[in-house]
Amino acid sequence: MSEARPTVTTAPVESKLSLHRLLRTYGLLTFLALNVVIVSVLSPAFLKIENLLNVLTQAAPLGIVVLGQTFVLLVRGLDLSVASVMATSAVLATSFATMDNRMMPIIFAAAIGLGIVVGLANGLLVAKRRVSPFLATLATAIVLHGIRFLYTEGSTGSTLPSGFTLIGQGRFLGVPVNLLALLALTVICGFILHLSPFGRRIYLVGGSPRGASLVGIHTDRVTIACYVICSVLAALAGLFLVGYVGQVDQWTGKGYELDSIVAAVMGGVAITGGRGSIFGALLGVLILILMFNAVILLGLPVQLQWILKGVIVIAAAALYLTGDRRSS
């Protein structure tokens, strides 16, 4: 008689959990599909091939930033310096005496170096000095703003190798080049997160830092590495965004710090760390860009985008907090 009791009580719980997992797995895809249908009905111009390619081209730089932001969120952090890293990377691209396409590898190497330095600074502040991720990355962003304006004296440069137009606006076999770059980086990041031992350490550190430390994982090193990855990807995204826009501005990437967090959280990456996937985060990017595109196509006020971002953050936070209560 006593053995029958667990069977009765656990079955409903397991069914609730499986339903919750199902919603998390396919709910975002369903939401994306519904959005496509609704926007297509309201604005038939949305389904035109040229508009869809423009949406994907626009989404690629944000997608690259979101890849990096996902790493940081998974270890219970966030990075508010990504937009400043993008702008500094863009300014760096105009800082060389020669501006022919032979400089492209050097510019990309310099951007990666910038990302490594900034990522190390953020990671050391958070992991070693125990500064909150919000304050640490905000301070880094402010420092980069100051360095950038001191170097340029407030002026903007527009001289770029012609190759930037190719990586930002060009297409290969009809597919945007920056989208191909995003796909390549997604494969690399997906392998690191979901198939490598380092990826398993990231999830363990995000899920329970103390537990990860007890099993011999160097949590500080994992956290620092995630911040470095995030900053390097942000620096690369700045170069692709410059190629898309066609000129360098002191505020290149402005707003991407918020957009990257919103997209990742909407895609199922938990603010509390330890849960989420690259695939879900990129779905979040597609939904966010689709919403922005719909606002423009439907002739709605651009300020509506800010309202949508706020609603998304609140809804995502409520959803995952509810999920945590059900699973506990």
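Among the residues of the stretch 118-140, the one identified as in contact with a Leu (Cβ under 6 Å, 6 or more places away or on another chain), surrounded by fewer than 20 Cβ atoms within 10 Å (Cβ to Cβ) and touching a residue at least 40 places away in the same chain (Cβ under 8 Å) is Leu138. Out of Val91, Val143, one residue alone is over 22 Å from Val262 (Cβ atoms), surrounded by fewer than 17 Cβ atoms within 10 Å (Cβ to Cβ) and of a type in the set (Val, Ile, Thr). It is Val143.
Looking only at the stretch 125-145, how many residues end up being touching a helix residue (DSSP H, G or I) at 6+ places or on another chain (Cβ under 7 Å), closer than 17 Å to Gln250 by Cβ and of a type in the set (A, V, I, L, M, F, W, C)? The qualifying residues number 2.
Results for (1) of a type in the set (A, V, I, L, M); (2) buried (at least 24 other Cβ atoms within 10 Å of the Cβ); (3) more than 17 Å from Ile229 (Cβ to Cβ), shown as yes or no for each residue.
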{"residue": "Ala45", "(1), (2), (3)": "yes, no, yes"}
{"residue": "Arg76", "(1), (2), (3)": "no, no, no"}
{"residue": "Val82", "(1), (2), (3)": "yes, yes, no"}
{"residue": "Ala87", "(1), (2), (3)": "yes, yes, yes"}
{"residue": "Ser95", "(1), (2), (3)": "no, no, yes"}
{"residue": "Met99", "(1), (2), (3)": "yes, no, yes"}
{"residue": "Met103", "(1), (2), (3)": "yes, no, yes"}
{"residue": "Ile116", "(1), (2), (3)": "yes, no, no"}
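Meeting the requirement of 1 or more residues that are among the aliphatic types (A, V, I, L, M), closer than 30 Å to Ser40 by Cβ and out of contact with any Phe, Trp or Tyr (no Cβ under 9 Å at 6 or more places or on another chain), the helices (runs of 4 or more DSSP H) wholly within the stretch 206-313 are 219-245, 256-266, 278-297. Screening the candidates Ile106, Ile147, Ile64 for the property of being of a type in the set (A, V, I, L, M, F, W, C), at pLDDT 95 or above, out of contact with any Asp or Glu (no Cβ under 7 Å at 6 or more places or on another chain) and closer than 30 Å to Gly246 by Cβ yields one hit, Ile64. A residue that is in contact (Cβ under 8 Å) with a residue 40 or more places away in the chain and under 16 Å from Val117 (Cβ atoms) can be found somewhere in the stretch 59-73. The residue list Leu180, Leu173 contains one member that is over 24 Å from Ala127 (Cβ atoms), out of contact with any Gly (no Cβ under 9 Å at 6 or more places or on another chain) and either of a type in the set (Lys, Arg) or modelled with pLDDT of 90 or more (or both), which is Leu180.
The values are calculated or read from the model by the stated rules, or taken from the named source; none is laboratory data. Keep in mind it's a predicted model, so treat the numbers as computed, not measured. Every residue, glycine among them, receives a Cβ derived from its backbone with ideal geometry; neighbour counts consider all protein chains shown.
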